[in-house]
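I have placed the structure first, in the form of structure tokens, so that the comments after it can refer back to it.
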Amino acid sequence: MKKVLMPLGIVLFLALLPYIGVQYAGLSYLFGVIIPYTAFTVLVFGFLLRLVDWLRRPVPFRIPTTCGQEKSLDWIKQNRFESPSRSWEVIVRMLFEVLFFRSLFRNTKAELHKDANLAYGSHKWLWLGGLVFHWSFLVIVLRHSRFFFVMVPGFADVLTHVDGFFDIILPAFYTTDALILAAITFLVFRRLNDAKMRLISLQTDYFPLFLIAAIVVVGVLMRYVVRVNIMPVKDQMLRLVNFSFDAPGEIGALFYVHFFLVSVLAFYFPFSKLMHAGAVFLSPTRNQCNNSREKRHVNPWNADIKFRTYAEYEDDYREKMKKANLPVEKE
Amino acid sequence: MSKYLPKLSELKKEFDEKPSVLKGDYSPREWWNLPVEFRDGNWCFPAKPEVLDDLGFANPRKWAATDEDWQLPSGWQKTISDGLHSRLRKYRSLKLFLDACVRCGACADKCHFFLGTGDPKNMPVVRAELLRSVYRNDFPLVEKILKGFSGSRKLTEEVVKEWHMYFHQCTECRRCSVFCPFGIDTAEITIMVRELLNLIGVNNNWILGPVSNCNRTGNHLGIEPHTFVQNINSLAEDIEDLTGVTVEPTFNRKGAEVLFITPSGDVFGDPGVYTMMGYLLLFHHIGLDYTISTYASEGGNFGLFTSNDMMKKLNAKMYHEAKRLGVKWILGGECGHMWRVVHQYMNTMNGPADFLEQPVSPITGTRFSNAAATKMVHIAEFTADLIHHNKLKLDPKRNDHLRTTFHDSCNVARGMGMFEEPRYVLRNVCNSFHEMPENTIREKTFCCGSGSGLNAEEYMDIRMRGGFPRAHAVRYVKERHKVDSLVTICAIDRASLPPLMRYWNPGVSVYGLHELVGNALVMQGEKKRTTDLRENDMAGFEDGGDDEE
């Protein structure tokens, strides 16, 4: 269980750092200005560098995984979005993949029963959990844009309104807060509960889940329980987005915990599996047309390989070929 | 019973009793602490020294996987490390697939080898981690500070043994990549690791033997030109005996319209030869102006299972020969991995084929625009088009003695997307056709368990396990619909499915699609046919019966 406790311990340790640092050592400048700037610089440049690093590597072959009928004879119906042959069809395939996790939707669960019997069942839980997690995350990030603009952008207002639909407590309760915590709980428990998942999971799989969970929990605490005064927070965020190095005002230590963990996430992102956010767009088995017989795909480093020519072959077998009445080039 | 294979009852007992993560039993150890054990039936004989000499490959020696010391060449770690880095530079796929995985587990129970062995290292995610863990070791600093954090490890001889075992328990079938949310294709990883292993002389004779043969004689089986011709001519004689029709294939003939290339298994192996007879009957039936080459006498390409350079080298013969003979286009026979190479690699590697013309069916006038650049047409497309235009005289009743199901071959399914054409042909040449369950066909099809050069006798244990999910799906239609004939469009299937069926589903025979076409074709001038191409009695055509045609 070291693989689970280690990352959990790391996250708890990281959460304590800013609390102690701000509360007892007066390090609000470090945690409110220096670390966030560093972390977000690393995120932006790290992410771009990783993308460039992938993009500069060639795609020598056209290797889409075809999950439907290819384009062939006119009267055979092509499955355009599972076996695309045109660019726009690829774009649709990618949109389905990125926005709705098309491939995860296919998921099945195999079970081995008595007397060598295999059974497959539809298994959409991972798809659902993943979708809820990612979409909630996106809505929450977009909701937070209200902190970065003097005038709250329209979309943030709409999102906030819709997200706070279940207006049962004060302040309005955000559905996505509950959804993302539920999704993370599910994503952690499936790694522990399923024998296969437990075996394949690494510390680097638990760490980001715990980290994001901690960020959400602290955020929720700040909003609903240990209320943090919003105005100085927004002031500080506005300063940061304007690249100001002024010291932050009086803000509760809990905010620094939230903010520091977000900074850790940003810092960690480009070095980790979280880069799947960029990789998903570049996968050569998904983002290429299945038309390599129709249109030649060029390999920039096409290796120069010497093969055994017909002439060499005939030289070796001429007599045998003549005896078998096979035509030969040279007598 | 082969000494490389447990009795079916023993294997079933193992399935029932041995704990496995597949059945939900927690593994007591992390995967990197699980031992690698070679025993009879789970390793392929290594390539013979003379084969390696012939190919100019590294480290020829006599050795066995069960040896303690594998006699790796000095500096092998550097060879692997340099080889990996140069491939990371050349293939975005490799780099991306090593970086992108989040270990979500969607692929875990999709691999036929995992379903048949329960071995956790056969989960595609772990198979890739076998390489990833070494690749990640490039950041040793993180690992030092947080020991075990990223799951990285050093490249040791144990790791090489593990790679050899598990990258030969992957048939490059791509089923996992269908389910992966990032499209990570374990086949790409396996291809690369096999390339790396070949650099240090860790290899498989069942792959490199055919590669060497193919390079020298033009085909995997090492058939020399005169024997190749003799063999096809003897099939022509069999056709004459059975049907009274004389088919006259030509060889290495310049000026033919079409060059026909099919796997050499169709020329030499049972039941592939019956598929070959089907082709010959079909071409005669429509009067196709075609020729067969003894030089480019192999459709398959075991280079795909060796290295991309070798794939290119062997594949180059197709265009080279088509150019020499001056044909207009190439027609390809039924084969799985051959078509992965032709469809996704050939034109990139050895094209452009500007000396050929865009394929046009001389019978129907159909332009194969989907093959406009590669100029090579699949026989199932070609025949489907003929049937659609009503150009074939078919009597599907002649296959009434067969109750069929169709096995999608991995490579034409997931590396090409050909699903409807063979089914259309099959429905038109036989009356009884039942699909296997939907999770086991089309893009979700299961491998025969012996693809990618694992068809060796000494590998029977692993092959029968790897083929178990396919066999189980056949059992389903056998029990429900009395299916007794498994039809496929792959030469490796035709070689590997018969033993799989004998083991798991006795009574089910394996057929090539065009064998059934050959049965159903009503040839001009034929004598009364009472048996199929295998000389099995057809139903309702018995001697003395007055069945009208």
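The values are calculated or read from the model by the stated rules, or taken from the named source; none is laboratory data. Just so you know, these numbers come straight off a predicted model, no measurement behind them. FYI the Cβ positions are ideal-geometry reconstructions off the backbone, even for glycines, and counts take in every protein chain you see.
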Requested in this report: Filter the stretch B:437-466 down to residues that are hydroxyl-bearing (Ser, Thr, Tyr) and in contact with a strand residue (DSSP E or B) (Cβ under 9 Å, 6 or more places away or on another chain) and give me whichever is surrounded by the fewest Cβ atoms within 10 Å (Cβ to Cβ).
Outcome: B:Thr440
Query - Subset tally (residues that are within 7 Å of chain B (Cβ to nearest Cβ) and either in a loop (DSSP other than H, G, I, E, B) or out of contact with any Asp or Glu (no Cβ under 8 Å at 6 or more places or on another chain) (or both)) for the stretch A:52-81 - result: 18
**Report entry** Leading residue by the ranking (surrounded by the most Cβ atoms within 10 Å (Cβ to Cβ)) among those in the stretch A:292-331 that are among the small types (Gly, Ala, Ser) and within 7 Å of another protein chain (Cβ to nearest Cβ)
**Finding:** A:Ser292
Report task. Confirm whether B:Val360 is on the phi < 0 side of the Ramachandran plot and at the interface with chain A (Cβ under 9 Å from one of its Cβ atoms). Result -> no
Report task. Taking B:Trp32 as meeting all but one of (1) more than 11 Å from every other protein chain (Cβ to nearest Cβ); (2) touching a Gly at 6+ places or on another chain (Cβ under 9 Å), write down the number of the exception. Result -> (1)
Requested in this report: From the list B:Met346, B:Met338, pick out the single residue that is in a helix (DSSP H, G or I) and facing chain A (nearest Cβ under 10 Å).
Outcome: B:Met346
Query raised in the report: Does the stretch B:392-412 contain any residue that is surrounded by fewer than 24 Cβ atoms within 10 Å (Cβ to Cβ), in a helix (DSSP H, G or I), outside the structural domain of B:Lys12 (by TED's automatic domain parsing) and under 18 Å from the mean Cα position of the chain (by Cα)?
Result: no
Requested in this report: Would you confirm whether any residue within the stretch B:454-466 is out of contact with any helix residue (DSSP H, G or I) (no Cβ under 6 Å at 6 or more places or on another chain), within 14 Å of chain A (Cβ to nearest Cβ) and touching a residue at least 60 places away in the same chain (Cβ under 8 Å)?
Outcome: no
Query raised in the report: Is there a residue being surrounded by fewer than 24 Cβ atoms within 10 Å (Cβ to Cβ) and within 15 Å of A:Tyr313 (Cβ to Cβ) anywhere in the stretch B:300-316?
Result: yes
**Report entry** Residues (in contact with a strand residue (DSSP E or B) (Cβ under 7 Å, 6 or more places away or on another chain) and of a type in the set (Val, Ile, Thr)) located in the stretch B:299-348
**Finding:** B:Val327, B:Ile330, B:Val342
**Report entry** Residue that is farthest from the other protein chains (Cβ to nearest Cβ), among those in the stretch B:295-330 that are within 20 Å of B:Asp54 (Cβ to Cβ) and not in a helix (DSSP H, G or I)
**Finding:** B:Gly300
Report summary line: Of the conditions (1) over 30 Å from B:Glu30 (Cβ atoms); (2) without any contact (Cβ under 8 Å) to a residue 24 or more places away in the chain; (3) more than 17 Å from the chain's Cα centre (by Cα), the single one that A:Arg143 does not satisfy is (2)
Requested in this report: Kindly indicate which of B:Ala58, B:Ala100, B:Ala108, B:Ala65 is under 30 Å from A:Arg308 (Cα atoms) and surrounded by 14 or more Cβ atoms within 10 Å (Cβ to Cβ).
Outcome: B:Ala58
Query raised in the report: When A:Tyr256 is evaluated against the numbered criteria (1) touching a Gly at 6+ places or on another chain (Cβ under 8 Å); (2) within 12 Å of another protein chain (Cβ to nearest Cβ); (3) assigned to a helix (DSSP H, G or I), which criterion, by number, is the only one it fails?
Result: (2)
Requested in this report: Report the residue count in the stretch B:275-295 for those that are more than 20 Å from B:Asp493 (Cβ to Cβ), among the aromatic types (Phe, Trp, Tyr) and under 25 Å from the mean Cα position of the chain (by Cα).
Outcome: 2
**Report entry** Residue among B:Leu94, B:Leu52, B:Leu72 that is among the aliphatic types (A, V, I, L, M) and either within 14 Å of chain A (Cβ to nearest Cβ) or loosely packed, with under 12 Cβ neighbours inside 10 Å (or both)
**Finding:** B:Leu94
